[in-house]
Structures are given as structure tokens and as C-alpha cells.
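Data first, discussion second: the structure below is written as C-alpha cells.
The values are calculated or read from the model by the stated rules, or taken from the named source; none is laboratory data. Given the structure is predicted, the values throughout are model-derived calculations rather than measurements. So basically every Cβ, Gly included, is an ideal-geometry build from the backbone, and we count neighbours across all protein chains shown.
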Amino acid sequence: MREDGYDIAVLPGDGIGPEVIDVAVEVLDAVTAGLAIKLRYQYHDGGAATFRETGAGISAATMDAIGQADAILLGAMGLPDVRKPDGTEIVPQIDIRERYQLFASLRPCRLFDGVPPVVRDPDVDVLVIREITEGLFAGRNDPVSEDPTREHDRMMITRDTSEKLFEVAFGQAEQRRRAGGKGLVTLFDKANVLKSMAYFRGIFDEVAARHPEITAERLYVDAGAMLLVTDPSRFDVIVTENMFGDIISEVGAGIAGGLGLAPSADIGVDHAVFQPSHGTAPDIAGRGLANPIATVLSAALMLDWLSERHDDARCAEAAGRVRAAVNATLSAGIRTADLGGTASTKDVAHAVLNALSTD
């Protein structure tokens, strides 16, 4: 346990990023004050606005500085009209993943009380774990093809990263099993067609054999996507490749109410970034309409991470209190427009803070 507290690097980013980060920091301050947890925030620039000013989405100095923090809290980065010469958007969050080898993205998809279900099954509580440094994203910095009649991307799977990814998945399934979960890990792949995916599945089988207390299953990603929509409660932990995970985690977010409720944690061996799964939503930026819940829940994941790394039970308790306050807020019908409600960003913030104060 760290009595001297924790250094948190904060990157508000673009669009609605600063608005939702402000709420998350308010919630963090409220929940940690009563538990004697000290959080020290260092704010840094990064994103499309930074690219416009400097020609880089994130500076080398900032990249170095955030690596010294105990955790990184990020709003959202990138704007659709700010692009690099090759036509792709500015994505400093991917640069951070690669620099600090954040190989696994944990994306909980839980249907909270008070949120209208969008599928027949109201029992949605799935954790999607997406590999985020390899797969079909591995070639994003490869040179453009010299042949004007064709272009290609490559998929890369390595044993080292895959083993670490699968160990995280089985570890998360064990934690969920102890809390009453199924103790099930499902691999989504395309091993019937792609050699890289057959290799991926082979490594999964090896890691699964080390965890006999956890049930392991394998599904082709197309069939798995269908089942995630039609029968989501059959799943517990889903683990998959980078591009598949990018898509499947958003399907999961959809059946849990939308991206406004979808947190994420990008974790490595020594570093982690916590951010909402949604984008910058420039069309509603500055209008007080943004749903801050995904960022607040990402902050709760950050507290979980600090608890695990530093054996600090106070942080785990704080994370639980934040999730309970979010549940109380949504149960009371306080929802932003993306969830069919009329509440503003500040309305949701006040409701979560009030729920914490009466906890």
C-alpha cells in the first residue's frame, strides 16, 4: 500500500474529452477523500489540437512524462477532420500503447439497472479482452504500397504477447469466478481460414491447459458475434485479436446500452491507460450533453489496477463505491440523451457525487 499516494497522468484530449475527464476527476476526488487515498494529477496535452499546433499528436516530453506516473487517465483523442498525410486520423493513444507495450485492453460490458436492454437478455455482464499491439494493426506504420493497383495490411501474432494476453484473460476469469461468475474464457478467432489465427488458437490451448479450474471454449468470430447479440449471458470473458476485439467490444457496448457506458483499461506489465471506449464526439463538444459514465467507470478500473499493483484494499473499495454510485444514478432514471434521457453532463455528475456522499 502506498501511503504517499499515487501520481496520475491526465490527458483530457479533444472534443468531449475534457468534459468527461473533469467529471471523472471530481468523482475520484470525492471517493478517495473518505478513504485517505492521495491522488496527484499531472495534466498533459495530446491529440488533434496538439497535432494542429505542433505537427505531433503527442510530444516526446509528454510521452516520457506519462511513463513516470502510476497510472494514465485519458479522455478521448482525435478529430475526423484532422488527418495525417496518408489519410489516417491522429491516434496518440495507439502510440502510447506501442511505447509502453500495453498489450491487453479490458472492456467490461455490463447492463446497469435502469438502462433499457437492447437485446432480449437483460443479464449482460461480459468482459471483452482485446489484444492491442499486434494482429491486423501491426502494419499500420508500414510504407504505402509501391503498386498503385493494390494495397495491403499484415496481421502479426507473436507467442510472447499472446501468452501474456491469455494469462490476463484466465486471471480475469478467475477473479470473476470468485465473485460468483461463470469461470469461462471464450476465444474468438478465425482459425479455420487464417494461419495466424490457427497459431493464436494453439497458444490459447496451451495456456488454457495451465488453468484447469477455468472452462475454455473456442468460437469463430462470426458465430461468436451472432451469439453475443442473441445470447449474451452465455459469455463471461471473451479474448480475441486486435481488429476482432475492436469490433466485438463495440458490439458488447451496444448490448450494454451504448458507448457512453463503456469503459476500458489498456494494460501492460508495468503501465496502464484508462479511457472511455467512445470517441471525441465533436458534434456535441461544449454543449453539456456528453455522457461521463464511461470515463467515470474507467476511473474505477484505474482504482482496481492501483489496488492490485500496490496491494491497496482502499482503492478496491473506492472502485466498488464508484460503480455502486453509477448504478444508483442510472437506477434513478438520470440518463443523458444517448440513453434516452434528458440529463446533462453536470446532472449526471451531481447525481453520482450525491450517491457517493450517501454511500
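Here are some notes:
- Segments classed as strands (runs of 3 or more DSSP E), wholly inside segment 197-316, with at least 1 members that are in contact (Cβ under 8 Å) with a residue 60 or more places away in the chain, not hydroxyl-bearing (Ser, Thr, Tyr) and not assigned by TED's automatic domain parsing to the domain that holds Ile16: 237-240, 263-267
- Residue match in segment 317-334 (condition: touching a residue at least 24 places away in the same chain (Cβ under 8 Å), among the hydroxyl-bearing types (Ser, Thr, Tyr), assigned to a loop (DSSP other than H, G, I, E, B) and within 21 Å of Pro117 (Cβ to Cβ)): no
- Any chance Ala285 is in contact with a Ser or Thr (Cβ under 6 Å, 6 or more places away or on another chain) and among the aliphatic types (A, V, I, L, M): no
- The listed residues are Arg218, Arg178, Arg234, Arg150, and the only one of them that is basic (Lys, Arg) and under 30 Å from Asp270 (Cβ atoms) turns out to be Arg178.
- Members of segment 1-21 found to be touching a residue at least 60 places away in the same chain (Cβ under 8 Å) and not in a loop (DSSP other than H, G, I, E, B), listed by number: Tyr6, Asp7, Ile8, Ala9, Val10, Leu11, Pro12, Gly13, Gly17, Glu19, Val20, Ile21
- Residue within segment 177-196 that is in contact with a strand residue (DSSP E or B) (Cβ under 7 Å, 6 or more places away or on another chain) and either at pLDDT below 95 or surrounded by fewer than 16 Cβ atoms within 10 Å (Cβ to Cβ) (or both) present: yes
- Residue in segment 96-117 that is in a helix (DSSP H, G or I), hydrophobic (A, V, I, L, M, F, W, C) and either buried (at least 20 other Cβ atoms within 10 Å of the Cβ) or at pLDDT 95 or above (or both) present: yes
- Looking only at residues of segment 128-160 that are hydrophobic (A, V, I, L, M, F, W, C), modelled with pLDDT of 95 or more and touching a Lys or Arg at 6+ places or on another chain (Cβ under 7 Å), we find that the one that is nearest to Gly340 (Cα to Cα) is Val128.
- Scan segment 229-266 for residues that are of a type in the set (A, V, I, L, M), buried (at least 22 other Cβ atoms within 10 Å of the Cβ) and closer than 20 Å to Phe166 by Cα and the total you get is 5.
- Residues within segment 52-89 that are under 26 Å from Asp7 (Cβ atoms), in a loop (DSSP other than H, G, I, E, B) and out of contact with any Asp or Glu (no Cβ under 8 Å at 6 or more places or on another chain), tallied: 2
- In segment 316-359, the residues that are closer than 21 Å to Ala265 by Cβ and among the polar types (S, T, N, Q): Asn327
- Unmet criterion (only one of (1) surrounded by fewer than 24 Cβ atoms within 10 Å (Cβ to Cβ); (2) touching a strand residue (DSSP E or B) at 6+ places or on another chain (Cβ under 6 Å); (3) on the phi > 0 side of the Ramachandran plot) for Ala69: (3)
- Listed conditions (1) over 30 Å from Arg234 (Cα atoms); (2) part of a loop (DSSP other than H, G, I, E, B) are all met by Thr133, apart from (1).
- Flag for Ala49 being outside any helix (DSSP H, G or I), surrounded by 15 or more Cβ atoms within 10 Å (Cβ to Cβ) and without any contact (Cβ under 8 Å) to a residue 40 or more places away in the chain: no
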